Amino acid sequence: MVKKPAQARCTFTPMQIKDSVAIAWQTVKVNKLRTGITVAIIALGIMALIGIITAIEAMNQSLRESFSTMGANGFSIRYRERNFFGNNNSDDVKKTTKAKQKERKSNSGRIIRYEEALAFKNRYAFPATVSISVRGSFNETVQFITAKKAFKTNPNVSFQGGDENYLGLNGYKLAAGRNFSFNDVATGRAVIILGHDVVDKCFEGNAQKAMDKVVKISNRPYLVIGVLEKKGASAFMNLDNVAITTYNNIRQVSSGVNTFSIGVMVPDFKLLDNAVGQATSLFRNVRKLDIQESDNFFIDKSDALAEKFIGFLGGITGAAGAIGFITLVGAAIGLMNIMLVAVTERTKEVGLSKAIGATSKAIKRQFLIESIVISLLGAAFGIILGVLIGNAFGIVLGTGFVVPWGWVMGGVLICFLTGLGAGYYPASKAAKLDPIVALRYE
């Protein structure tokens, strides 16, 4: 009894794949209009996804650079947590004004008084740099008046008070002039250090010209003793549009000062946890808290500030994914319709191919590859446009060129699967065509 030879498994050689891709490319070029519409729909979905993700990456990079001013080895002590978008607690929103005032008077989140901040700085024995600061306002106007002309900024300058360590702890460097001296801080002298943008408006960008000049803030004269190097703007703040004086001067001229902040920077990241522990213990002692009482202040690690803010942007990523998914579903439907039309138009071609020996699997493979090629073309255009649009936003923020490689690879994979899924039914339909019936098709 003669055994029938075992049928070889169907495998696709690299040459077969190469030929199929070449034929698919020729078919795509012949049907430019249909292909262009489908590619545009796919590209739109991928562009929305990659563009938004790229913009978010640029924003994240900018935020990390802006909020992590002390680097990974710094932290600050505040009377309450930073909240950039208002109060996000829905229960707290429902509270009456009276209830909120009562809460502020309680131990939870009690303001940091000047005496407490100064006591902490003088008694903190850990090998670290300590700075005291206070916020003046975010809407000041800086004026410089000469005999010929008056220069002034917009009313959006951030007016801050610090000490001799404030610049170093917040990542500022001097382009000209000097830092605050101990006497400047102790006496609250009317001296000021201006940010790069303020110098641009008042002194036409000339840092040396600004030195030893007198500017006015709220009609109060200040002697310019320093100018800061350009630091750059983040997604949500301009770090160059600042005017910095001493915290004691803010205390003298502003009646609205109600709380101080304390910044601490250790020389080595490995010392950070010990520094935070000792700072917590000391500040509890300064505030005379009983061992059973909980902390009525908050400690923010420098990097954690950026991560907390970045967390608010997470929802945008989900929205981008939803936009991309909806668009790709529409593109998949459109691609399937185009492939079904292609099967109908090429019925005779399929019959001829089968008549000269093409197998059903070969026909199916050909239509699948055409569908995938169209889908990947959409991915290519969408990714390029998305990265460019996202980085255009990054240029505004002054960040480097960002490419979200994980999402790019994910986009390619999604489009591959979209092409595979949308082309499977039309390819199967083409593979099942009877060659005799196909040849007679009109």
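Laboratory data are not the source of any read-out in this text; all were calculated from the coordinates shown. Everything numeric here is computed off the predicted structure, so don't read it as measured data. FYI the Cβ positions are ideal-geometry reconstructions off the backbone, even for glycines, and counts take in every protein chain you see.
Numbers for the structure displayed
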{"quantity": "DSSP-assigned coil residues among chymotrypsin sites (Phe, Trp or Tyr not before Pro) in segment 366-427, each with at most 14 further Cβ atoms within 10 Å", "calculated": "Phe401"}
{"quantity": "Whole-Å distance, taken between Cα centres, linking segment 329-378 and segment 31-58", "calculated": "23"}
{"quantity": "Surrounding net charge for Ala40, when Lys and Arg each add one and Asp and Glu each subtract one, Cβ distance under 15 Å", "calculated": "+2"}
